[in-house]
Structure formats: C-alpha cells, structure tokens
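Presented below is the structure to which this report refers.
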Number of protein chains: 2
Amino acid sequence: MSSNQKLNRVEVCFAPCDFHQYEEGFDLIVVIDVLRATSAICTAIEHGVSGIIPVATLDEAREYQKKGYIVAAERNGAVVDGFDIGNSPYTYMKPELKGQTIALTTTNGTKAIRIAEQKKTVVIGSLNNLQSLCDWLIEQKRDVLVLASGWKDKFNLEDTICGGAITDILLESGQFTSDEDSSVAAKFIYRSAKENMFAYLKASSHRRRLRALDLNADVSYCLTPNNVSAIPILKDGILVPLETVA
Amino acid sequence: MSSNQKLNRVEVCFAPCDFHQYEEGFDLIVVIDVLRATSAICTAIEHGVSGIIPVATLDEAREYQKKGYIVAAERNGAVVDGFDIGNSPYTYMKPELKGQTIALTTTNGTKAIRIAEQKKTVVIGSLNNLQSLCDWLIEQKRDVLVLASGWKDKFNLEDTICGGAITDILLESGQFTSDEDSSVAAKFIYRSAKENMFAYLKASSHRRRLRALDLNADVSYCLTPNNVSAIPILKDGILVPLETVA
C-alpha cells in the first residue's frame, strides 16, 4: 500500500437509537445481532434458504403468514405463539427450508435491519461469518458502519464484541482507520474477550436471559467464529446470498 | 457481610441521551465529565470555591454575568469569547476564587448535571476524587447510577473509564451488583486502561480534539486519580461541598 492511499473508515454504532449520530457519510452498513438473529440469518443463507424477509412487527409477520410464507417470529428469546419457528440457528439448517423464502421478525435484529435499509448497501454480520465478511469488506474500499442491534435499544456486550472483531480485522488490513470512541472501545472489548467469549459473556444481561430459556447450545454456536462463509445482503427488501446480487 | 444482605446496584449510562433507559429506580446519580468539567468542579470545591451554578446555555451564562457573578464558559474545548474563564482545572486553584460562587457552562458536563437534577441526590465524580467518592457511595447503601456526559451525546472513552473505575471499586466492596452490559463493559475497559490511561486515551476522539488546543497539562491532571478529596453535591441548583449539606 502506498503511504498516500486514502484510508477508509470503519466505525461501530452501539444501538439503533444512536444510528442518526453515526450514519452520516456511510452507505455500507453491517447489521449484527449475535444472539441470535443475524447468526440465524447467516446460517440460513449458508444452508440454502433463498431469502429472508426482515419484518419489524408481529402484525406484518401475520400478513406474510396469510400469504403462505414460512414465518419465523421471536420475542424475548422465545418463539411467538402461532408461528412456525423462532431464531435458533439450528432451525435454519433443516433440509426442508432449502430454496424457501422466510419472513422473520425478532426482538432487536430485524428492527436494526429496517433502520439501515435506507442505505445503498446493507449486509449481515455475525461471528459465524466474520472472516468471509471482513475479506469482502476489505475488497470494497468503502467506509463501513457496523450497526449493533443491542437489546431493546441498549448497548449489549455480544454485539459490541462482534463489532470490535470486525473493526480489529479491518484496521489490521492497513486500509482502514477509526475515529469514534465507540469503535476504539469495541476493539478493546473484543481483544480482551476473544480468547474465551463464552466465559466473558457470562456476565452479560442477554446471556442471563437466554440461560433461563436453556439455549446454551445456540449461544455456543453463535459465539463460534467462521463456521459460515455466507454473506447475506439486502436486495429489494429481501436478504439474499451475496453471490446472487453481484 | 451476611450472605442475605441485599446488594445495591451500580450501573453506568454512557451518555445523556440514554438516561431515560437507565434511570428508573435510581435516586442517587453521579455525573462525570472527565475532560474537563467535573474534574474542574471537584478541583474548585477542593480549593475553596463556595459553589458552582451549572448553567446549560450561553444565554443563561450571560444573565449570571449581568448579575455580577464570575462566569465560566467552555465550548469545544476553548473559553468562550467574553467570559472570564473556561474549564481548565488549574484555573480553579487560584486564591482569588476562594469563597466565590461561579456560574459554569460547558459543552457536555453541565447539560448532564441538568438532566440528572430531577433526582433526589446528584454528586460530581471524576478520577480526581475517585476514592473519596467511592468511600462515600459505599456508606450510602443506595443504588448508584453513573451518568457519563459523553461528547455531544455520544459515548466517550474517558468518562467510560471513570464510570468503570467507580463500578469496579463498588463491586469489589461486596455490597454492590451490576445488571447492565454497559456497566460490565465499562469495568472491563477501566481494567485494561488503568495502568496507563494517558496512552490508552491517545486513540480517543476527545484527546485528539484537546491536543489541537495544547491542553496536555490539563489532560494529565484530569487523568490523575485521587489528588482531590472533595465531593461536590447539588443543593438547590448549586454544587457545594458535601460537608456543608450533611
């Protein structure tokens, strides 16, 4: 890299309510909701689901049900009564979902996607697709804003760790810089957590919430980096495999 | 401590815009703005200033000027034209300010104080008065919410480090617990920064901003723990020494 090459920015926004303070100048957004929406979406696309329609409300989700779609709905960690599936990544590995388009609404993740969708490019990140996503982001030579879904618009640890991981990898490429304190903090948190994320997150509020629901297998899966290579991208309101768009 | 003694909560709120998401159930708030408003306020009270009137706007500050008060006004790191002083802690050590009541408006800190003032008890925290503040908080046996002033309503590193330091000390006392991910993250950030805060904050956006203004001496002072024992407390809209209230 020549020393006068312009660096791109990578920044982390901790929650959807802060998006308006960070989004200026960015048209490439990575949405993350590690536990579990975006981990499930990456897994679904990896396993052959054709498309995921992110839906903000349960009412919208019911409209898709009436139209005959498979509809996934999660609130507060549990499948909502009357819907087919929730947001456990394992659900989306089932062969019968291959080739299907699924409507999905979750507590945090799908709302963050809807907030980001005004932007030119929206892709889905997780620890699962960390390396393939970062490889692709580095190729784009564009400024990148990572939008963490948080928990009900509050900062959460697991999304910050994932945002910090993306920031760390992009900065290490030598082609990016970060200006915001949130990005610097996310990188530091990732670095102190990376060797044992499961233990690190024991203290997190969301982990405690999921523990009550006995979702340890899901949590272990979601905290496993690089077991997926798919990069879901938003096209005409549907999350589809990146390679079908380019 | 008996094992069935009820623990109090200590939580960190990263910025005034998040206050409504965190404040429920708290009536004891610690406001921090490490660079430099609350460091200056603690220093002023330590050095014999009688009271500081936190003022949100420059217009209000001018009203106090007309009434004959000494008025301090800072915006974006600099003293505002037409005002006596800014928020450099060194300013407040001057003997001629002893016994005076000063009106103060700053970019972030005084706004955070005004947001907190609906609560029963508002005290001022900084790294400078860290240990004496924590000793007092532990004696209170009440839930404690630390409100970071941030930078223009965004997360910032230096206030988060100070919030994490307070959280760490209170948790170590065995009388407190934290539920929020923001508090857990602040504690981790403090622990990784504590050995060399000056270097850690090199990356921070606010440090870069102050560097341009050549305020390294101020920054060094503000990042020095426990060089002050005063605890300013809000009484009838004026920050006064704690011992004059109790």
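A short reminder: the numbers here are calculations on the coordinates, not readings from a lab. These numbers were taken from a predicted model, which means no experiment stands behind them. All Cβ positions, glycine included, derive from the backbone under ideal geometry; neighbour counts span all protein chains shown.
Data overview
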| item | result |
| --- | --- |
| Flag if residue B:22 is of a type in the set (Phe, Trp, Tyr), in contact with a strand residue (DSSP E or B) (Cβ under 7 Å, 6 or more places away or on another chain) and surrounded by 19 or more Cβ atoms within 10 Å (Cβ to Cβ) | yes |
| First in region A:163-185 and more than 8 Å from chain B (Cβ to nearest Cβ) and free of Cβ contacts under 8 Å to residues at least 40 places away in the same chain, second anywhere and of a type in the set (Asp, Glu) and surrounded by fewer than 22 Cβ atoms within 10 Å (Cβ to Cβ), Cβ under 9 Å, 6 or more apart | A:169/A:135 |
| Test: residue A:217 is surrounded by fewer than 20 Cβ atoms within 10 Å (Cβ to Cβ), out of contact with any Leu (no Cβ under 9 Å at 6 or more places or on another chain), free of Cβ contacts under 8 Å to residues at least 60 places away in the same chain and aliphatic (A, V, I, L, M) | no |
| Candidate set: region B:113-126, residues that are within 21 Å of residue B:154 (Cα to Cα) and over 9 Å from the mean Cα position of the chain (by Cα); chosen: the one surrounded by the fewest Cβ atoms within 10 Å (Cβ to Cβ) | B:117 |
| Hits in region A:29-52 (condition: surrounded by 19 or more Cβ atoms within 10 Å (Cβ to Cβ) and not in a helix (DSSP H, G or I)) | A:29, A:30, A:31, A:32, A:33, A:34, A:35, A:36, A:49, A:51, A:52 |
| Any chance residue A:205 is within 8 Å of chain B (Cβ to nearest Cβ), in contact (Cβ under 8 Å) with a residue 24 or more places away in the chain, within 23 Å of residue B:148 (Cα to Cα) and within 19 Å of the chain's Cα centre (by Cα) | yes |
| Residue tally, condition more than 18 Å from residue A:110 (Cβ to Cβ), part of a helix (DSSP H, G or I) and within 12 Å of chain B (Cβ to nearest Cβ), over region A:120-162 | 3 |
| Within region A:87-97, tally of residues that are out of contact with any Ser or Thr (no Cβ under 8 Å at 6 or more places or on another chain), closer than 16 Å to residue A:216 by Cα and not hydroxyl-bearing (Ser, Thr, Tyr) | 0 |
| Of all residues making up region B:25-44, the number that are under 18 Å from residue B:227 (Cα atoms) and of a type in the set (A, V, I, L, M, F, W, C) | 8 |
